[in-house]
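The values are calculated or read from the model by the stated rules, or taken from the named source; none is laboratory data. Computed from a predicted model, the values in this text were never measured in an experiment. Calculation scope for accessible area: heavy atoms of the full protein, side chains included, ligands and nucleic acids excluded. Shrake-Rupley method; radii C 1.70, N 1.55, O 1.52, S 1.80 Å.
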Amino acid sequence: MRTAVGVFLDLLTFFRLILRTSQAVAAENLFLRKQLALYVEGQTKPHRATDAVRFTLAQLSALFDWRDALTVVKPDTLIRWHRKGFRLFWKWKSRSAGRPRVPVEVRKLIGEMAENNPT
C-alpha cells in the first residue's frame, strides 16, 4: 500500500511539473546542478562556494520555488547570499559619479593665476 501511495504522489508531482514553464524547469535544473557540483567538489577538497556560485544560485531562485530544490545549501544560507548581493548592488549603485567638484576658492585662485600669468 505504501508503494502505491508513493507512486501516486510521484505521478501527481509529475503532472504538476508538466504545467511549469520551460524557463522555470531550466532554472531549477541549473540550480540543482550547481548544488551537485558543490557537493561533488566538497567530497574531494572541501571549500566554500565562490561569489559567482552564490550570485548564480541567488538569481536562479527568483525563477522557481527554490525551497523544494535545496539539497546541499540551507534556505537561510541562500537568503543570506541574496541579501549580501542586494547590499553589494546598492553599494555599487550609490557610489559617487565622477570626480568631486573643485571648491570655489580654488577655482578663483586658478582664475587669478591665469590672469597674472597669461603664458
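Quick notes
- Of the residues making up the stretch 79-109, those that are open to solvent by 100 Å² or more (accessible area, probe 1.4 Å) and at pLDDT 90 or above are E105, R107, K108.
- Test result for Q35, more than 23 Å from F86 (Cα to Cα) and either modelled with pLDDT under 75 or assigned to a helix (DSSP H, G or I) (or both): no
- Looking only at residues in the stretch 14-30 that are open to solvent by less than 90 Å² (accessible area, probe 1.4 Å) and in a loop (DSSP other than H, G, I, E, B), the one that is modelled with the lowest pLDDT is R20.
- Within the set T56, T44, T71, the sole residue that is at pLDDT below 65, of a type in the set (S, T, Y) and closer than 14 Å to N29 by Cα turns out to be T71.
- Residue count for the stretch 110-119 under the criterion of being assigned to a loop (DSSP other than H, G, I, E, B) and open to solvent by 100 Å² or more (accessible area, probe 1.4 Å): the result is 2.
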